[in-house]
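Bear in mind these aren't lab numbers, they're just calculated from the coordinates by the rules spelled out. In this text, all values refer to a predicted model and were calculated from it rather than measured experimentally. As a convention, Cβ positions derive from the backbone with ideal geometry for all residues, glycine included, and neighbour counts pool all protein chains shown.
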Amino acid sequence: MSNKLDAFFPGTVSDDTFLSQTLCRLATQGIDASTSVACIAACHDMVRQPLLQRIRETWPTTFDYTALAAVPTVGETGGEILVHAARQSPDVSAERPQIVVFVLPHVAIDADCSGCFTLARLLDELRVADEWGLELGDLELVRLRKRVWLQCDRRQRRCLTIEELAKLTLQIGCSAAWRIVDGARQEGARVELVSGLIIETRQGARVWAPQASAST
Ligand SMILES: [Zn+2]
């Protein structure tokens, strides 16, 4: 693996290892994929990502919160809707549905790999813009840009790398997903949040998951 991968994202694992570690961790919490629902917050342009396919094959019911850079734009209402949908699955307990919320943004670290269009565009904007702007016709991007904007000063924004922006996006995506988790919990569900940054390299995809999943 490249030095860049180790320098920016130490401790990455393969797709398979990430999924098997996730399933083990969920099992220790008493959650089984066959009797739970997976809610996937990924990015619009992750159309051929094998890990997403594996998750959809592993869970009998999946719910899609795909958004720009995997930052969900639904809040507590999204959690309430998720529980409503989960209760309609024959594999899931209607009394206390078990839900696993995945937050999986992506980035490419090698120039010849296809990366995240949103992050590349956002990085260009952040480096030159002096305001975060408000364009009602592009609300997902405006919300994402504002969230990044609030976490960096002007100097930091102008020096951001795509790798740093991807890490920030993972953090922002998790924080947005907690509102879904809160909404689902209020509806009586048991919820686990699982997050990881998918990194495209010449040797294939790796997953960087520095944050342990947290339960409610
Ligand atoms: Zn993307």
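Some notes on this structure:
- Helix 15-28 vs. the chain, principal-axis angle (Cα, 0 to 90°, nearest 10): 40
- Long-range HN-HN contacts of residue 37 with modeled amide H, under 5 Å: 98, 99, 100
- In this rough spin-label picture, where each label sits 7 Å from Cα along the Cβ direction, the residue 156-residue 140 distance is 2.6 nm.
- Translational D in µm²/s for segment 80-199 (Stokes-Einstein at 20 °C, 1.002 mPa s, Kirkwood Rh from C-alpha pairs): 132
- Amide H contacts under 5 Å for residue 66, placed H, 5+ residues apart: 42
- Look at the Cα gyration tensor of the chain: its axes a ≥ b ≥ c give a/c of at least 1.5 with a/b at or below b/c, and that counts as oblate.
- Annotation: extensible slack from residue 7 through residue 175 equals 58.0 nm (criterion: 0.36 nm per residue apart, minus Cα-Cα distance).
- Spacing of the two label points (7 Å from each Cα toward its C-beta) at residue 186 and residue 120, in nm: 3.9
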